[in-house]
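Here is the structure we will look at.
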Amino acid sequence: MIVCSCNVITRAEIETAVRRIHRRQPNTLITPGLVYKELGLAPDCGVCLCHICELVHQAEAPSPPRLAKHTRRPSAVPSRNPSQLEQF
């Protein structure tokens, strides 16, 4: 998918640039300007900057943990007996 039509930058190119920046400088705040610099380009009209910010945020977000398959455990709550309910 083309994110920047002025420079014809794709989503994959942005994601690759973000990964390269993270490998070299793990504690760096990644901005659209830094992504453009990594790609050897410069923004033109600026319409894509918010989309690049969103892609950077998605690339930096940790992936959700995989959930284990649901297995039934024995219930910790004893089954209710109707006669016990009448006592209350």
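Every number here is computed from the coordinates shown, using simple stated rules; none is lab data. As the structure is a prediction and not an experimental result, all values here were calculated from the model. Cβ: placed from backbone, ideal geometry, glycine included. Neighbour counts: every protein chain shown.
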Residues other than V3 with Cβ under 11 Å of its Cβ, Lys/Arg counted +1 and Asp/Glu -1, net out at -2
Residues other than C48 with Cβ under 13 Å of its Cβ, Lys/Arg counted +1 and Asp/Glu -1, net out at -2
Long-range amide H partners of I9, meaning residues 5 or more apart or on another chain whose placed amide H is closer than 5 Å, are V3, C4
